[in-house]
1. For the stretch 90-106, does any single residue satisfy the condition of being closer than 12 Å to Thr36 by Cβ and among the small types (Gly, Ala, Ser)?
2. Could you check the stretch 39-62 and list, in sequence order, the residues that are part of a strand (DSSP E or B) and of a type in the set (Ser, Thr, Tyr)?
3. Asn152 passes all but one of (1) under 20 Å from Asp44 (Cβ atoms); (2) within 17 Å of the chain's Cα centre (by Cα); which number fails?
4. Within the bounds of the stretch 132-146, is there any residue that is among the hydrophobic types (A, V, I, L, M, F, W, C), at pLDDT 95 or above, outside any strand (DSSP E or B) and over 15 Å from Arg37 (Cβ atoms)?
5. What are the residues in the stretch 121-154 that are surrounded by 15 or more Cβ atoms within 10 Å (Cβ to Cβ) and farther than 16 Å from Ile91 by Cβ, if any?
6. Restricting to the stretch 74-118, name every residue that is touching a Phe, Trp or Tyr at 6+ places or on another chain (Cβ under 9 Å), modelled with pLDDT of 95 or more and assigned to a loop (DSSP other than H, G, I, E, B).
7. Restricting attention to the stretch 162-176, and to residues there that are free of Cβ contacts under 8 Å to residues at least 60 places away in the same chain, surrounded by 13 or more Cβ atoms within 10 Å (Cβ to Cβ) and under 16 Å from the mean Cα position of the chain (by Cα), which single residue is nearest to Leu58 (Cα to Cα)?
8. Among the listed residues Glu63, Glu48, identify the single one that is touching a Lys or Arg at 6+ places or on another chain (Cβ under 7 Å), within 30 Å of Asp130 (Cα to Cα), among the charged types (D, E, K, R) and modelled with pLDDT of 95 or more.
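The values are calculated or read from the model by the stated rules, or taken from the named source; none is laboratory data. It should be emphasised that the depicted structure is a prediction, and the values quoted were computed from it without experimental measurement. In this analysis, Cβ positions are derived from the backbone assuming ideal geometry, glycine residues included, and neighbour counts consider all displayed protein chains.
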Amino acid sequence: MNFEKFFHPVFSVVLITIWAGNVFPFSLHTYHTSLTRMDYNHKDKLVEISIQLFTHDLVPLLERRTKKRIDLEKTPDIDKIILGYLGENFILKDKSAAVKKLVWVGKEVQVDTVFVYFQAQSEEDLDGFDLRNTLFFESFPEQTNLVIARYNNKKADLLFKPGDIFKKIEASKPIVKN
């Protein structure tokens, strides 16, 4: 048997990765992120917001906060619990620094992710608004939160890391339509 073919360098890396994952399972999940999309609906005067969260990040955090077991589909008042957390960590301020009230629209629970949907009334688009997105910063020092804001055929991308507070929403590029 030709052991050189069997112990190819790529195979060795795969074996080490599998071994490290079994011996040190905590090392496999070191990337924590959320993805938010905000769209300004000019017709309805609404900021429509969707946030993609990872279930394995959200559930333990909510359990620590409520001091009880959480089931995203069965826990009574779970929507209110999630909105309470979001309201503390996802804050949108208009140009006059008034905080926009977040109104719950719903959620979609999938195997590994949860999509939460809410909206805020606004007579003006997002340009010049301030946003705070500190979701999971208290839990994960490596957490990043990406926000994509779209309004008036413009797009703004924001990246939040621990230590960031408010960032101004300013379109960096027009939306390219195919």
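1. Taking every residue of the stretch 90-106 in turn, none turns out to be closer than 12 Å to Thr36 by Cβ and among the small types (Gly, Ala, Ser).
2. Of the stretch 39-62, the ones part of a strand (DSSP E or B) are 39-41, 46-54.
Tyr40, Ser50 - these are the residues of the stretch 39-62 that are part of a strand (DSSP E or B) and of a type in the set (Ser, Thr, Tyr).
3. With respect to (1) under 20 Å from Asp44 (Cβ atoms); (2) within 17 Å of the chain's Cα centre (by Cα), Asn152 is out only on (2).
4. Checked the stretch 132-146: at least one residue is among the hydrophobic types (A, V, I, L, M, F, W, C), at pLDDT 95 or above, outside any strand (DSSP E or B) and over 15 Å from Arg37 (Cβ atoms).
5. Of everything in the stretch 121-154, those that are surrounded by 15 or more Cβ atoms within 10 Å (Cβ to Cβ) and farther than 16 Å from Ile91 by Cβ turn out to be Glu124, Asp125, Asp127, Phe140, Gln143, Thr144, Leu146, Arg150, Tyr151, Lys154.
6. Once the filter is applied, which keeps residues that are touching a Phe, Trp or Tyr at 6+ places or on another chain (Cβ under 9 Å), modelled with pLDDT of 95 or more and assigned to a loop (DSSP other than H, G, I, E, B), the stretch 74-118 yields Asp94, Lys95, Lys100, Leu102.
7. Top of the filtered list is Pro162.
8. Numbers: Glu48 fails: touching a Lys or Arg at 6+ places or on another chain (Cβ under 7 Å).
Sole residue among the options that is touching a Lys or Arg at 6+ places or on another chain (Cβ under 7 Å), within 30 Å of Asp130 (Cα to Cα), among the charged types (D, E, K, R) and modelled with pLDDT of 95 or more: Glu63.
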